[in-house]
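This report refers to the structure that appears directly beneath it.
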Amino acid sequence: MTEQGPTTRQRRLSAELRRLREEAGLTPEQAAGAIGWSRPKLVKIELATSPATVGDVERILSTYGGTDEAVKLALMQLARDVRKRGWWAAYGDVLAGSYAELEDAASHIRIWQVQLIPGLLQTQAYARAIITSGGVTDPEEVARRVEVRLHRQALLVRPDAPRLDIVLAEEVLHRPEPGAMMAEQMHALLAVAERPNVTLRVVPRSAGLFPGVGQGSLITFEFPGPVDLSVAYLETMAGGMYLEDVAQVRRCNVSFDGIAAAALSERASADLIAAVAGVQSKE
């Protein structure tokens, strides 16, 4: 699971530099010539295969012109941050750094989950059960993966905690089988839902067909600052897929809005979760 490719910061910076070039009406050849570079150098920066330095960013933006000063400063700061190592670097063997980096930096996270309780809300027992059910049997690796999940949850109580909008399919509340572990997990959901930065809603089975049904889980990340560097993350059978194109992320947000419209209110969702917890407590 160790990642050797570009960091999330690098990909976000590259995508924005490419967008600004296109807005300036320049081809890669024209832009590279105007900057005084070879085309391959610019292309590598735009594809995130080569990191841009602060000087590179300043030179690019000066060439394209018309960039707002706040945007310019934000992109130069992003270039400075590209090589920073977060806490997740120490867990590269069991954690995808790009995802953890997005989660750690986001100011607003929206989650639609159709299979499992999101990692940010999992109890220790639930996390261990999910990890082992996925085929991980080595006790040390299981413990390490559980530790990572619990470490991620620290962002929920930070002074600058992100806003978290979570929508769960009702089926998630019943998987795995009822029992003490799931009852504990339901009570943990209710506790998290009380936090001022968290909204938690459930799409009931009675909703039937609704926008986004059958399309899998979806997570979007929004970031503070003057530049729209939002990212969407899709869970697929082949692994996670990151979408950074503005139009694609916008479509994902529209899908999320449609799903959220089918969900119960926060109060009704809490009542449903409490009812499920009560049933599971008796199992």
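I'd like to know if segment 100-118 contains one or more residues that are modelled with pLDDT of 95 or more, in contact with a Gly (Cβ under 8 Å, 6 or more places away or on another chain) and under 21 Å from residue 218 (Cα atoms). Within segment 100-118, one or more residues are modelled with pLDDT of 95 or more, in contact with a Gly (Cβ under 8 Å, 6 or more places away or on another chain) and under 21 Å from residue 218 (Cα atoms). In segment 74-86, the qualifying residues are those that are part of a helix (DSSP H, G or I) and without any contact (Cβ under 8 Å) to a residue 24 or more places away in the chain, and the one that is farthest from the chain's Cα centre (by Cα) is 76. Residues in segment 209-227 that are within 23 Å of residue 161 (Cα to Cα) and surrounded by 14 or more Cβ atoms within 10 Å (Cβ to Cβ): 217, 218, 219, 220, 221, 222, 223, 225, 227.
Cβ separations smaller than 6 Å between residues 6+ apart or across chains give the following pairs from segment 87-98 residues that are within 17 Å of residue 242 (Cβ to Cβ) and part of a helix (DSSP H, G or I) to residues that are at pLDDT below 75 and among the aromatic types (Phe, Trp, Tyr): 97/88. Residue 150 satisfies every condition listed in (1) among the aliphatic types (A, V, I, L, M); (2) surrounded by 15 or more Cβ atoms within 10 Å (Cβ to Cβ); (3) within 18 Å of residue 190 (Cα to Cα) except (2).
Conditions tested, residue by residue: (1) out of contact with any strand residue (DSSP E or B) (no Cβ under 7 Å at 6 or more places or on another chain); (2) under 21 Å from residue 126 (Cβ atoms); (3) without any contact (Cβ under 8 Å) to a residue 12 or more places away in the chain; (4) crowded, with 17+ Cβ neighbours inside 10 Å.
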| site | (1), (2), (3), (4) |
| --- | --- |
| 196 | yes, no, yes, no |
| 239 | yes, no, yes, no |
| 244 | no, no, no, yes |
| 258 | yes, no, no, no |
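Among the residues of segment 133-147, not one is modelled with pLDDT under 90 and buried (at least 18 other Cβ atoms within 10 Å of the Cβ). All of (1) at pLDDT 95 or above; (2) surrounded by 19 or more Cβ atoms within 10 Å (Cβ to Cβ); (3) touching a Pro at 6+ places or on another chain (Cβ under 9 Å) hold for residue 130 with one exception: (1).
Which members of segment 99-140 meet the condition of being part of a loop (DSSP other than H, G, I, E, B), touching a residue at least 40 places away in the same chain (Cβ under 8 Å) and among the hydroxyl-bearing types (Ser, Thr, Tyr)?
Here is the first cut: in segment 99-140, the ones part of a loop (DSSP other than H, G, I, E, B) are 106-107, 114-118, 122-123, 134-138.
Applying the additional criterion that residues be touching a residue at least 40 places away in the same chain (Cβ under 8 Å) yields 106-107, 114-118, 122-123.
107, 123 - these are the residues of segment 99-140 that are part of a loop (DSSP other than H, G, I, E, B), touching a residue at least 40 places away in the same chain (Cβ under 8 Å) and among the hydroxyl-bearing types (Ser, Thr, Tyr).
Just one of (1) assigned by TED's automatic domain parsing to the domain that holds residue 230; (2) at pLDDT below 80; (3) among the aromatic types (Phe, Trp, Tyr) fails for residue 87. It is (1).
Residue check: residue 68 meets all listed conditions (1) of a type in the set (Asp, Glu); (2) in contact (Cβ under 8 Å) with a residue 24 or more places away in the chain; (3) in contact with a Lys or Arg (Cβ under 7 Å, 6 or more places away or on another chain) but one, namely (3).
Return yes when residue 67 is among the β-branched types (Val, Ile, Thr), under 22 Å from the mean Cα position of the chain (by Cα), farther than 30 Å from residue 136 by Cβ and not in a helix (DSSP H, G or I) and no when it is not. Steps first, answer last, please.
On the way: among the β-branched types (Val, Ile, Thr): yes; under 22 Å from the mean Cα position of the chain (by Cα): no; farther than 30 Å from residue 136 by Cβ: yes; not in a helix (DSSP H, G or I): yes.
No, not satisfied.
Any residue that is over 16 Å from residue 227 (Cβ atoms), in contact (Cβ under 8 Å) with a residue 12 or more places away in the chain, surrounded by 17 or more Cβ atoms within 10 Å (Cβ to Cβ) and not assigned by TED's automatic domain parsing to the domain that holds residue 248 - is there at least one of those in segment 54-65? So far as segment 54-65 goes, yes, one or more of its residues are over 16 Å from residue 227 (Cβ atoms), in contact (Cβ under 8 Å) with a residue 12 or more places away in the chain, surrounded by 17 or more Cβ atoms within 10 Å (Cβ to Cβ) and not assigned by TED's automatic domain parsing to the domain that holds residue 248.
Do the conditions hold for residue 102, that is, is it among the hydrophobic types (A, V, I, L, M, F, W, C) and surrounded by 15 or more Cβ atoms within 10 Å (Cβ to Cβ)? Steps first, answer last, please.
On the way: among the hydrophobic types (A, V, I, L, M, F, W, C): yes; surrounded by 15 or more Cβ atoms within 10 Å (Cβ to Cβ): yes.
Yes, satisfied.
The values are calculated or read from the model by the stated rules, or taken from the named source; none is laboratory data. The structure presented is a predicted model; accordingly, all values stated were derived computationally and were not measured. Note that we place each Cβ from the backbone using ideal geometry, even for glycine, and neighbour counts take in every protein chain shown.
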